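The values are calculated or read from the model by the stated rules, or taken from the named source; none is laboratory data. Keep in mind that what you see is a predicted model, and the values were worked out from it rather than measured. Note: ideal-geometry Cβ built from the backbone for every residue, glycine included; neighbour counts use all protein chains shown. Only protein heavy atoms, including side chains, enter the accessible area calculation; ligands, DNA and RNA are left aside. Shrake-Rupley method; radii C 1.70, N 1.55, O 1.52, S 1.80 Å.
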Amino acid sequence: METQNWRELLIPYEQAVQELIVKFESVGREYTRLGHYSPIEFVTGRVKKISSIIEKARKKEIEFEKIGEEIEDIAGIRIICQFVEDIDKVVELIRDRAGKDMMIIREKDYVSNMKKSGYRSYHVIIKYPVHTALGEFNILAEIQIRTLAMNFWATIEHSLKYKYNGKIPEELLGKLIHAADAAHSLDQEMSYIRNEIVEAQNLFKLKSTLVADIVNNIQNIYDVGNIEEAKRIQAQFLDILRQDSFEKLQEFNKQLDVIAEVFDAQSLNR
C-alpha cells in the first residue's frame, strides 16, 4: 500500500481526535466555571498507528477500502473520571450530543460486564463528521470512559500485551486479574467517600479563587498609590492565612472589596 494513501486515510481521523478532545475538555471547563463538580477529570486521544491498523486488518481479513467501515477504533478518545458514578454522567453527556454533532453507533459496557482479563471501561462507538482539505468524511471513533484506577490497570495490560505479542504468560495473567480486583476495590472505596472528596476539592477551588481576588485587590491599592495602606492590608491578609480560617478569609475579602471600591473612586476623582 502506498504511503500517500495511508496519509490520506489518517487525515480525517487526526482531525476528529483533535476536535473531540477540545469539545470534551470544554465541557469539563464549563462545569468548573459554573462552580459545579466536573465528571470529566481529563481527556486524551490518539490515532491508531499504521502498523496496528495493518495488523488488525490482516487478522480480520479486511481490505484496505473497507478499513474505515470495519475498524472502529482508528480514532480513539479517552475520557478519565475520578469516580465510577461519573462514567454514567459522561455517557449521558455523549447521548445528549447524539444527533447534533455525532451519532452513536453502539455502546459496550465493560464496567458492569468486566472482560475475563479484568478490563473495565465503557466504550461508545460514534460516527463523527469532519471537514478537511480532502473533503467531508463521516468517520468512526471510539470513546472510552473509565476511572483513574481503571485507566492505570488498562495501561499496564496494554504494555504487557505489546511486550508479549498478545500472549501474556499465565503467571502474569493471574497477577493482572488480582490487580484488576484491587483497582475495582479502590474505585468502590473512593465512591464511599466521594462526597467528602468532592467537598474538599470544591473548598480548595473556592479558597484559591478567594485568595486570587484578595491579592488582586491589594495590587490595585498599590497601583493607585496607597502604598502604606496596601502594606497594612497585606499584613492582615498574611495573618488570616496563617490562621487557616476560610470564614475569616471570606469576611476579610468582603471588607477589602469595599475598601478597594473607595480607593478606585478616589483615584477617578483625582
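Antiparallel versus total DSSP beta bridges in the chain: what percent is that, nearest 5?
Approximately 75 percent, going by the DSSP bridge assignments.
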Subject >> For the stretch 140-157, Karplus couplings with θ = phi - 60° (6.51, -1.76, 1.60), whole Hz, Gly/Pro x >> reply: 8, 9, 10, 9, 9, 10, 8, 7, 4, 5, 4, 5, 4, 5, 5, 5, 5, 4
**OP:** Calculate the dipole size of the stretch 79-202 relative to its Cα centre from +1 charges on Lys and Arg beta carbons and -1 charges on Asp and Glu beta carbons; express the result in debye to the nearest 20.
**Re:** 560
Original post:
Under 17 Å from the Cα of LYS23, which lysines turn up, not counting those fewer than eight places away in the same chain?
Top reply: LYS89, LYS100, LYS127
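Of the DSSP beta bridges with both residues in the stretch 53-185, give the percent that are antiparallel, rounding to the nearest 5.
70
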**OP:** For the chain, count the residues as N, evaluate 2.2 N^0.38 Å, and divide the Cα radius of gyration by that value, please.
**Re:** 1.39
**OP:** Assuming a ≥ b ≥ c are the square roots of the Cα gyration tensor eigenvalues, decide whether the stretch 6-145 counts as rounded (a/c under 1.5), prolate (otherwise, with a/b larger than b/c) or oblate.
**Re:** oblate
**OP:** Would you mind telling me the share, in percent, of accessible area of the chain contributed by carbon and sulfur at probe 1.4 angstrom?
**Re:** 52
Original post:
Can you list the residues, at least 5 places off or on another chain, whose amide H is less than 5 Å from the amide H of GLU72, using H built in the peptide plane?
Top reply: none
Original post:
Between the stretch 206-258 and the stretch 135-182, what is the C-alpha centre distance in whole Å?
Top reply: 49
Original post:
Per-residue HN-Hα couplings for the stretch 112-125, Karplus 6.51 cos²θ - 1.76 cosθ + 1.60 at θ = phi - 60°, whole Hz, x for Gly and Pro?
Top reply: 7, 10, 4, 5, 4, 5, x, 5, 10, 4, 10, 10, 10, 8
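Within 10 Å, count the other beta carbons around each residue, average over each peptide in 134-146, 237-249, and list them highest first.
Working: 134-146: 18.5, 237-249: 12.2.
My ranking of the peptides, most packed first, is 134-146, 237-249.
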Original post:
Angle between the Cα long axis of helix 194-223 and the longest principal axis of the chain, 0 to 90 degrees, nearest 10?
Top reply: 50
**OP:** Give the angle, between 0 and 90 degrees and rounded to the nearest 10, that separates the Cα long axis of helix 246-269 from the longest principal axis of the Cα atoms of the chain.
**Re:** 70
Subject >> Charge sum, other residues only, whose C-beta stays under 12 Å from GLN236's C-beta, Lys/Arg counted +1 and Asp/Glu -1 >> reply: +1
Original post:
Of the residues ASP223, ASP187, ASP73, which exhibits the maximal mean-square fluctuation in a Gaussian network model of the chain defined by a 10 Å Cα contact cut-off?
Top reply: ASP223
Original post:
By the scheme Lys and Arg +1, Asp and Glu -1, what is the net charge of all other residues having a beta-carbon under 10 Å from that of VAL43?
Top reply: 0
Original post:
Quick one: length gained pulling ASN113 to TYR192 fully straight, 0.36 nm per residue minus the C-alpha distance?
Top reply: 26.3 nm
**OP:** Residues in the stretch 125-158, backbone N under 14 Å from the label point at ILE177 (7 Å along the Cα-to-beta-carbon vector): list them, ranges by number please.
**Re:** none
Subject >> Positive dipole terminus of the chain, leading residue within PRO129, GLY76, HIS158 (C-beta point charges) >> reply: HIS158
Subject >> Probe 1.4 Å - accessible area at TYR119, Å² to nearest ten >> reply: 20
Original post:
Are there trypsin sites (Lys or Arg not before Pro) in the stretch 1-74 that DSSP puts in a loop and that have at most 15 other Cβ atoms within 10 Å, and which ones?
Top reply: LYS49, LYS60
Original post:
Helix 170-192 versus the longest principal axis of the chain: what angle, 0 to 90°, nearest 10, using Cα atoms?
Top reply: 30
**OP:** Count the net charge of all other residues whose Cβ sits under 13 Å from the Cβ of ILE193, scoring Lys and Arg as +1 and Asp and Glu as -1.
**Re:** -4
